Amino acid sequence: QVHLVESGGGLVQSGGSLRLSCAASGTIQSLPTMAWYRQAPGKQRGSIATITTVGSRNYVNYADPVKGRFTISRDNAKNMVYLEMNSLKPEDTAVYYCAGRRRDSSAMDYWGKGTLVTVSS
């Protein structure tokens with residue numbers, strides 16, 4: 001069992017930056033795919049960034065709305081996953097969730113409780 005805890009959310013002005021962190025209680029080496037999701041008010045939760053470790057390489061993928069502005073990274077030694085968010089916009093306001101998927105799973109197995117990011121105009 002892996003517990004994920006997000007931190008780093010808060011209030012930021014449009015154009016600003018935030019760095020979200022996701023701390024895992026167990027090893028994330030057992031979770032080749034880690035991801036950040038977000039859920040805006042009145043909208044469904046959706047994936048915005050994924051990072052998959054294959055051998056010694058990490059493969060990343062981003063949703064179109066955040067491409068070029070957000071960067072996902074992971075530190076397996078520290079059991080941490082990060083989301084660097086730049087050029088934030090009011091439409092980025094949402095609760096951000098960290099999630100992890102085991103190698104043999106087709107869906108995310110572990111979820112954090114989320115951290116709120118509010119971007120003011």
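Just a few scattered comments:
- Of all residues making up the stretch 41-67, the number that are under 16 Å from residue 117 (Cβ atoms), in contact with a Ser or Thr (Cβ under 8 Å, 6 or more places away or on another chain) and open to solvent by 100 Å² or more (accessible area, probe 1.4 Å): 1
- Of all residues in the stretch 49-99 being acidic (Asp, Glu) and in contact with a helix residue (DSSP H, G or I) (Cβ under 8 Å, 6 or more places away or on another chain), the one that is farthest from residue 12 (Cα to Cα): 91
- Only one entry of 56, 73, 87 meets the criterion of being among the small types (Gly, Ala, Ser) and touching a Gly at 6+ places or on another chain (Cβ under 7 Å), and that entry is 87.
- Looking across the stretch 68-99, the residues that are part of a loop (DSSP other than H, G, I, E, B), open to solvent by 40 Å² or more (accessible area, probe 1.4 Å) and without any contact (Cβ under 8 Å) to a residue 60 or more places away in the chain come down to 68, 76, 77, 78.
- First in the stretch 39-52 and without any contact (Cβ under 8 Å) to a residue 12 or more places away in the chain, second anywhere and open to solvent by 30 Å² or more (accessible area, probe 1.4 Å), Cβ under 7 Å, 6 or more apart: none
- Failed item in (1) part of a strand (DSSP E or B); (2) open to solvent by 80 Å² or more (accessible area, probe 1.4 Å), with residue 118 passing the rest: (2)
- Selection within the stretch 100-113 - buried (at least 19 other Cβ atoms within 10 Å of the Cβ) and out of contact with any helix residue (DSSP H, G or I) (no Cβ under 9 Å at 6 or more places or on another chain): 108, 110, 112
- Residues being open to solvent by 70 Å² or more (accessible area, probe 1.4 Å) and at pLDDT 95 or above are entirely absent from the stretch 21-38.
The values are calculated or read from the model by the stated rules, or taken from the named source; none is laboratory data. None of these values were measured; they are calculated from a predicted model. In this analysis, Cβ positions are derived from the backbone assuming ideal geometry, glycine residues included, and neighbour counts consider all displayed protein chains. Accessible surface areas use protein heavy atoms only, side chains included; no ligands, DNA or RNA. Shrake-Rupley method; radii C 1.70, N 1.55, O 1.52, S 1.80 Å.
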